[in-house]
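Below is one structure, written out as structure tokens; comments come after it.
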Amino acid sequence: MTDAGDGTTRSDATGQGGAPRDSGARRLRLVVAAVLALAIVLVAGVAVGRLSAPAPVVPGERSVEAGFSRDMQVHHEQAVEMAMAVRDRSDADDVRTIAYDIATAQSQQAGQMYAWLELWGDSQAPTEPTMTWMTRPTLDGSYGDHDHTAGAAPTNGSSAPSHTPGDPMPGLATPEQMAELRAADGVDAERLFLTLMIAHHRGGIEMAEAVLARSDDRQVGDFARGMIMTQESDIDAMEQMLAARA
């Protein structure tokens with residue numbers, strides 16, 4: 001304490017209780033330094049973990065995942081074409097709405113599969129006949145049929161593939177059926193669209209189940225399961241619409 005010249009005293013370098021006035025600042029600096037040190041340790045740990053982790057397995061050119069991505073893009077493109085065709089030939093709100101939903105959903109999914117192939121460094125063009133990937137053994141070593149249940153494993157234990165490379169994709173409409181849809185109008189176009197799209201969706205579900213049985217890629221598996229659920233819901237709705245137009 002020092003004399004202030006007026007009979008009072010003042011503190012030069014202490015706060016209350018005699019503690020240095022900058023002790024609070026020092027404590028703050030120590031806390032900040034500790035936080036920064038902890039952050040550096042955490043960042044270094046993450047970096048070391050990433051460097052030491054095994055590199056992810058990327059599906060190759062002739063993988064099941066690449067084959068599925070190529071073929072399903074083609075399958076989806078036809079669904080979009082069918083959906084847009086019926087929207088031009090029908091005034092029914094229910095059919096036009098589900099057609100729009102199918103067109104937008106499958107366009108987005110086709111874009112997602114295109115992006116996978118680019119990310120994997122695989123070609124967009126087929127490197128082998130269509131559906132070849134579906135002739136390969138499942139993860140349990142069998143081939144098997146599918147029971148149209150999301151994620152279902154093969155059940156028949158067959159030792160022979162259920163598809164022939166180069167054969168048409170399941171559920172794909174023929175050129176003649178597509179021409180008939182384009183020529184139809186009104187309720188006739190609606191019935192034909194619903195009939196063809198139900199079959200198309202069932203074929204897409206078969207392909208999705210096939211990739212689930214043959215691939216342990218989590219990204220592809222999540223995609224296939226989501227696709228199955230969406231298309232099964234669509235089928236239920238379209239069957240009701242078709243029954244209303246019987």
The stretch 217-246, residues that are within 16 Å of His76 (Cβ to Cβ) and of a type in the set (S, T, N, Q): Thr230, Gln231
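Can you go through Val74, Val57, Val64, Val80 and tell me which one is over 24 Å from Arg214 (Cβ atoms) and either out of contact with any Cys (no Cβ under 6 Å at 6 or more places or on another chain) or free of Cβ contacts under 8 Å to residues at least 60 places away in the same chain (or both)? Steps first, please.
Working: Val74 fails: over 24 Å from Arg214 (Cβ atoms); Val57 fails: over 24 Å from Arg214 (Cβ atoms); Val64 fails: over 24 Å from Arg214 (Cβ atoms).
Being over 24 Å from Arg214 (Cβ atoms) and either out of contact with any Cys (no Cβ under 6 Å at 6 or more places or on another chain) or free of Cβ contacts under 8 Å to residues at least 60 places away in the same chain (or both) holds for just one of Val74, Val57, Val64, Val80, which is Val80.
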Cβ pairs under 8 Å, 6+ apart, first in the stretch 95-120 and assigned to a helix (DSSP H, G or I) and open to solvent by 80 Å² or more (accessible area, probe 1.4 Å), second among the small types (Gly, Ala, Ser) and at pLDDT 95 or above: Tyr100/Ala83; Tyr114/Ser69
Within the stretch 166-244, helices (runs of 4 or more DSSP H) holding 3 or more residues that are in contact (Cβ under 8 Å) with a residue 40 or more places away in the chain and under 16 Å from Glu65 (Cβ atoms): 186-214, 218-244
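Condition check: of a type in the set (A, V, I, L, M), assigned to a loop (DSSP other than H, G, I, E, B) and at pLDDT below 95. Does Ala152 satisfy that?
Values: of a type in the set (A, V, I, L, M): yes; assigned to a loop (DSSP other than H, G, I, E, B): yes; at pLDDT below 95: yes.
Yes; evaluated as a whole, the condition is true for this residue.
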Selected residue [farther than 27 Å from Gln112 by Cβ, open to solvent by less than 20 Å² (accessible area, probe 1.4 Å) and at pLDDT 95 or above] from Ala213, Ala179, Ala189, Ala173: Ala189
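Could you list, in sequence order, all residues of the stretch 161-170 that are of a type in the set (S, T, N, Q) and either surrounded by fewer than 13 Cβ atoms within 10 Å (Cβ to Cβ) or out of contact with any helix residue (DSSP H, G or I) (no Cβ under 9 Å at 6 or more places or on another chain) (or both)?
Thr164
The values are calculated or read from the model by the stated rules, or taken from the named source; none is laboratory data. Nothing here was measured: the structure is a model prediction, and the numbers come from that model. All Cβ positions, even for glycine, are placed from backbone atoms using ideal geometry, and neighbour counts span all protein chains on display. SASA here: full protein model, heavy atoms, side chains in, ligands and nucleic acids out. Shrake-Rupley method; radii C 1.70, N 1.55, O 1.52, S 1.80 Å.
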